[in-house]
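**Student:** Below is the structure I would like to discuss, written out as C-alpha cells.
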Amino acid sequence: MPGTTDAKKDGNIDESSYTQSYTRHLERRLRALETEKQILQAERSRLEKETQTLRTELEKLRQSPLITATIIDVLEDGRAIVKSSTGPNFVVHVASSISKEKLQPGMRVALNQRSFSVTQELPPSRDPMIRAMEIEEAPEVSYVDIGGLREQLDEIKETVELPLLKPDVFVEVGIEPPKGVLLTGPPGTGKTLCARAVAHETNATFIRVIGSELVQKFIGEGARLVREIFMLAKEKAPAIVFVDELDAVGSHRLDIATSGDREVQRTLMQLLSELDGFEARGQVAVLGATNRPDILDPALLRPGRFDRIIQFPKPDDSSRREIFKIHTRGMKLESDLDFGFLVSATEGTTGADIKAICTEAGMFTIRDGRVCVAQEDFRKAISKVQTRGTGDQAPSGIYC
Ligand code: ATP
C-alpha cells in the first residue's frame with residue numbers, strides 16, 4: 001500500500017518539524033526566562049545593598065552624639081585634661097585606638113557623651129577662614145598699581161620679597177632675614193595694598209587676619225585661631241600672613257588685668273611664639289599693620305619679631321598725582337582735566353580718599369547723563385569726600 005506509506009511518511013515529517021519548532025520555541029523561552037532571572041537577581045542584589053546602606057544610615061542616626069573638646073594637657077598615666085565645648089575641663093581616659101604620641105595640647109577631639117573619654121581625633125577646624133581671615137591666592141594687585149611709596153616698596157621688597165624669592169642670598173651672607181615687618185601709618189595710606197602687591201609679585205598666598213577678630217569670647221579660642229592660621233600658612237607656603245589692626249591684640253600688657261585682658265594676652269603670647277618659632281628663612285612672611293604703633297607692646301617690637309618698621313605717610317604732591325593717574329586709568333576724562341588742580345585741592349588726603357574721589361566724580365558724571373568725567377565732577381567729588389570725614393562744609397578757597 002504505497003499511498004498509506006506516503007501518508008505515514010508525511011505524518012512523521014509534520015510531527016518531527018512540529019517537534020523541532022516547538023523545541024526551538026522552548027529554547028527561546030528558556031533563554032528569555034534566564035535573562036529575566038539574571039535581571040531579577042541584579043535587582044535583588046541592588047535592593048539588598050540599598051537596604052544595607054539604609055540600615056547603616058539608620059544606625060548612624062541612632063548613635064548618640066559626641067562632644068567636641070580641645071586637649072589641654074596629656075598626663076603621664078595616659079589620661080588627658082580636656083576643655084569640652086560645653087564648658088568645664090575634665091580629666092578623661094583616652095581610647096586605646098588613639099595613639100598617645102599623636103595627642104597634643106590644642107588638638108581637637110571627640111568625647112563619648114557618657115564617659116567623656118576621648119574616642120576620636122578630629123581634624124583642625126577651618127573656621128578661622130570664616131571668622132578671622134581672608135585668603136587670596138596671588139592677589140591681582142601689583143607694584144604698578146601703587147602710587148608713590150617708593151622707599152616703602154623698596155624696603156618691603158628687601159625684607160619680604162627677597163627672603164621669599166631668593167633665600168640663598170641670606171644663606172650665603174650668613175644672616176637671617178627679618179621675621180616680621182610692621183607697617184604703620186594713618187588709615188588708607190596703602191599698607192594693605194603694598195602687602196597684597198608683594199604677595200602678587202612673589203606668587204604667594206595672601207592671608208589677611210584682622211587683629212580685632214582674633215580677640216575671642218572664649219578662653220583659649222584666640223590662641224587657637226592664631227595657631228591654626230599659621231598652620232594654614234605653612235600648608236599654603238609661600239604665604240604672607242598680614243595681621244591688620246595689630247594693636248587690637250598687641251597693645252601694652254597691663255599689670256592688673258581682667259579675664260578679658262588675660263585672653264587678649266594669651267592670644268598675643270601665641271602670636272609671639274609663632275613669630276619666634278618660625279624656621280629661619282621659611283616660606284612664610286609675617287607683616288603687621290597698625291595706626292597706633294605707640295600703644296604696641298614692646299615685646300612685639302623686639303629683635304626677631306616685628307623688628308622692621310616701615311612708615312606709611314600721607315602722600316605728597318607727586319604721589320597724589322601718581323595715585324590720581326592710577327585710579328583714573330580706566331575712566332573717560334575730559335581732555336582739559338587739570339591734574340595740577342586735583343593734586344593741589346587734595347592736600348592732606350590719603351590714597352583711599354583719592355580712590356573715593358575718583359569714584360564719586362564718576363557718579364556725578366553718570367547722574368548728569370554724560371560719559372566723560374569733567375573737572376567740575378572732580379571738584380564736587382573732592383568737596384563731598386573731604387566733608388564726609390569732618391561732617392563740616394569744605395573750607396572755601398581750596399578749589400579753583
Ligand atoms: P587701614 O589702616 O585702614 O587698613 P591701609 O593703609 O591698609 O588702611 P589700604 O587698604 O591699603 O589702606 O588702602 C585702601 C585703598 O586705597 C586701596 O585699595 C587703594 O585702592 C587705595 N590706595 C591707598 N594708597 C594708595 C596708593 N599709594 N596708590 C594707589 N592706591 C592707593
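**Student:** Before anything else, pin down the relative contact order of the chain: Cα pairs under 8 Å, at least 6 apart, normalised by residue count, whole percent. Kindly include the intermediate steps, with their values, before the conclusion.
**Tutor:** Details: 591 pairs, mean separation 54.2, N = 400.
After rounding, I find 14 percent.
**Student:** Top to bottom by accessible area (1.4 Å), largest first, where do LEU225, LEU40 land? Each step should come with its number before you reach the end.
**Tutor:** Numbers: LEU225 0, LEU40 110 Å².
Largest accessible area first, the list is LEU40, LEU225.
**Student:** On a 0 to 90 degree scale, rounded to 10, what angle separates helix 2-62 from the longest Cα axis of the chain?
**Tutor:** Compared with the principal axis, the helix lies near 30 degrees.
**Student:** Using a Förster radius of 51 Å, what is the FRET efficiency between LYS102 and SER344 based on their Cβ-Cβ separation? Nearest 0.05, please.
**Tutor:** Numbers: r = 65 Å, r/R0 = 1.28.
Computed FRET efficiency for LYS102 and SER344: 0.20.
**Student:** Note down the net charge around ILE309, summing +1 for each Lys or Arg and -1 for each Asp or Glu among other residues with Cβ under 15 Å from its Cβ.
**Tutor:** Working: positive: LYS179, LYS191, ARG292, ARG302, ARG305, ARG308; negative: GLU151, ASP154, GLU155, GLU158, ASP247, ASP294, ASP297, ASP307.
So the environment of ILE309 carries a net charge of -2.
**Student:** Once amide H atoms are built 1.01 Å from N in the peptide plane, which residues 5 or more positions from GLN120, or in another chain, come under 5 Å H to H?
**Tutor:** Result for GLN120 returns ALA110.
**Student:** Could you go through the range 284-298 in sequence order and give the Karplus-derived ³J(HN,Hα) for each residue, using 6.51 cos²θ - 1.76 cosθ + 1.60 with θ = phi - 60°, rounded to whole Hz, and x for Gly and Pro?
**Tutor:** 10, 9, 10, 10, x, 9, 8, 9, 10, x, 5, 9, 6, 5, x
**Student:** For the chain, I need the span (max minus min coordinate) of the C-alpha atoms along each principal axis, in Å, sorted largest to smallest.
**Tutor:** Here the spans come out as 142, 74, 51 Å, largest first.
**Student:** Take LEU75 and ASP307, extend 7 Å from each Cα along the Cα→Cβ direction, and tell me the distance between the two endpoints in nm.
**Tutor:** 4.3 nm
**Student:** Report, in degrees rounded to the nearest 10, the 0 to 90 angle that the Cα long axis of helix 221-235 makes with the longest principal axis of the chain.
**Tutor:** Roughly 70 degrees between the two axes.
**Student:** So for the pair GLN63, ASP168, with labels modelled 7 Å out along Cα→Cβ, what separation do we get in nm?
**Tutor:** With each label point 7 Å from Cα toward Cβ, the separation is 5.2 nm.
**Student:** A follow-up question, please. How about LYS102: which lysines have a C-alpha closer than 30 Å to its C-alpha, ignoring those fewer than 8 places off in the same chain?
**Tutor:** Result set, ordered by chain and number: LYS60, LYS83, LYS179, LYS217, LYS234, LYS236.
**Student:** Give the aspartates and glutamates reachable from LYS380 as a straight Cα distance under 15 Å; neighbours fewer than 8 places away on the same chain don't count.
**Tutor:** ASP338, ASP353, GLU360, ASP368, ASP392
**Student:** Specify the inter-centroid distance of the range 169-202 and the range 370-387, based on alpha-carbon positions, in whole Å.
**Tutor:** 35 Å
The values are calculated or read from the model by the stated rules, or taken from the named source; none is laboratory data. The structure displayed is predicted, hence computed values, not measured ones. We place every Cβ from the backbone using ideal geometry, glycine too, and count neighbours over all the protein chains shown. Accessible surface is based on the protein model in full, side chains and every heavy atom, while ligands, DNA and RNA are left aside. Shrake-Rupley method; radii C 1.70, N 1.55, O 1.52, S 1.80 Å.
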